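Chemist: Have a look at the structure that comes next, please.
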Amino acid sequence: MVDTTALGVSAVRTPDGGWQGCSAHAHRKLLQARWASTGIVRGLGVAGSDTLMYQVAEGVAITSRTDADGVMEAYWAGGVTPEVEANQSSNPRIDCIWLQAHNEKELKDGDNLVIIGVTSGTPAASPVKPEPPAGVTVLSYMQVPANSTSLASARRVDEIDYATPYGVAMGYVAGSQLKQDMTLGTKTTEFCRTQINLPTDRNLECVVTICASAAGAGGAGDLSKASEVRGQLYIDGAAVGDYFNYCFRGAWETFQYRVNVFCGRGVHTVSLKLYVGYGVNASIHYNGAWPGVKLGIKDEGVAK
């Protein structure tokens, strides 16, 4: 058994002349319990420059050397990265800009500083992101054009991770809308394809809204035609949640369906697939003011 002391308790001398208090490692494990993921808290934007050094704005990140070591809250006062090489290739490359918290006493680093570093990728016609070193927090991926002698034209590519406090719900994270009138038939059609980037395994609520009527119907009083619109939610091409089914008649009616699903950490594609399962075709209504077809995605917190 390893004895630990709670954070906030004054350190005292032990009989052998040492100290009994909250160790740095215990402090890092306490911080780890508060954060569901490492990443940027605020600031730390990366920009190119007329030199071969990136500019990194002031900010705070949650960073970790290893999971067993816990996490650290790191402040960077703003400044430039180490100099990178010019891209003399006829192809672009991607650079990874990262932050690391040094720990001289426990991890044998050369100092106790928060540092910024760059890992440059290999130039290619379709460049790929380089693998960052272990124990860092990525701040940005920047693409450097071919034949570049400076970073003035470097631009950010791909998403970055933001730190998420444990248990917090991020609220609305993504959405998409079909902004046109159209006719839906028996052929399965994909709608509202969008991307989400989740810091940890999450619980999501997905809200589907459809405004439609039975094609050819003469208005609200016409019950002679019916169109049963059926659909399901998809994440990365796999169906999730239950089917839904709604029968539209003559009126321009708005139907809303909510489904709660699990989604793992990382970047995912979410979409909706609809078709008419029975009856006449369905007329989807947007007309500048109606919903058409909408998909909203709301984060409801960490999946335990």
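Chemist: Taking only the range 11-46 into account, find how many residues are within 20 Å of the chain's Cα centre (by Cα) and either surrounded by 15 or more Cβ atoms within 10 Å (Cβ to Cβ) or not in a strand (DSSP E or B) (or both).
Modeler: Of the range 11-46, the ones within 20 Å of the chain's Cα centre (by Cα) are 32, 34-46.
If we keep only those that are either surrounded by 15 or more Cβ atoms within 10 Å (Cβ to Cβ) or not in a strand (DSSP E or B) (or both) too, we end up with 32, 34-41, 43-46.
The total comes to 13.
Chemist: Please specify each residue of the range 51-61 satisfying the condition of being touching a Leu at 6+ places or on another chain (Cβ under 8 Å) and either surrounded by fewer than 18 Cβ atoms within 10 Å (Cβ to Cβ) or aliphatic (A, V, I, L, M) (or both).
Modeler: Just the residues of the range 51-61 that are touching a Leu at 6+ places or on another chain (Cβ under 8 Å), to begin with: 51-54, 56-61.
Residues satisfying the conditions are T51, L52, M53, V56, A57, E58, V60, A61.
Chemist: Pick from the range 284-301 the residues that are in a strand (DSSP E or B) and out of contact with any Asp or Glu (no Cβ under 7 Å at 6 or more places or on another chain): which of them is surrounded by the most Cβ atoms within 10 Å (Cβ to Cβ)?
Modeler: Narrowing the range 284-301 to residues in a strand (DSSP E or B): 284, 293-301.
If we keep only those that are out of contact with any Asp or Glu (no Cβ under 7 Å at 6 or more places or on another chain) as well, we get 293-297, 299, 301.
Values: V293: 26, K294: 21, L295: 22, G296: 19, I297: 22, D299: 21, G301: 16.
Filtering the range 284-301 for residues that are in a strand (DSSP E or B) and out of contact with any Asp or Glu (no Cβ under 7 Å at 6 or more places or on another chain), the one surrounded by the most Cβ atoms within 10 Å (Cβ to Cβ) comes out as V293.
Chemist: Sticking with this one: Yes or no: L274 touching a residue at least 24 places away in the same chain (Cβ under 8 Å), touching a Cys at 6+ places or on another chain (Cβ under 7 Å) and surrounded by 13 or more Cβ atoms within 10 Å (Cβ to Cβ)?
Modeler: Details: touching a residue at least 24 places away in the same chain (Cβ under 8 Å): yes; touching a Cys at 6+ places or on another chain (Cβ under 7 Å): no; surrounded by 13 or more Cβ atoms within 10 Å (Cβ to Cβ): yes.
Criteria not met by L274.
Chemist: Go through T4, T66 for me and flag whichever is at pLDDT below 85 and either more than 29 Å from S153 (Cβ to Cβ) or surrounded by fewer than 13 Cβ atoms within 10 Å (Cβ to Cβ) (or both). I'd like the intermediate steps shown before the answer.
Modeler: Numbers: T66 fails: at pLDDT below 85.
Among T4, T66, only T4 is at pLDDT below 85 and either more than 29 Å from S153 (Cβ to Cβ) or surrounded by fewer than 13 Cβ atoms within 10 Å (Cβ to Cβ) (or both).
Chemist: Report, by residue number, each residue of the range 142-165 that is among the small types (G, A, S) and farther than 13 Å from I94 by Cα. Full working, then the answer.
Modeler: Taking the range 142-165 as the starting set, the residues that turn out to be among the small types (G, A, S) are 146, 148, 150, 152-154, 163.
Selection gives S150, A152, A163.
Chemist: Based on what the data block shows, is G216 in contact with a strand residue (DSSP E or B) (Cβ under 9 Å, 6 or more places away or on another chain) and on the phi > 0 side of the Ramachandran plot?
Modeler: Working: in contact with a strand residue (DSSP E or B) (Cβ under 9 Å, 6 or more places away or on another chain): yes; on the phi > 0 side of the Ramachandran plot: yes.
In short, yes.
The values are calculated or read from the model by the stated rules, or taken from the named source; none is laboratory data. Everything numeric in this text was worked out from a predicted model, so none of it was measured. Quick reminder, even Gly has a Cβ in these numbers, built from the backbone with ideal geometry, and neighbours come from all protein chains shown.
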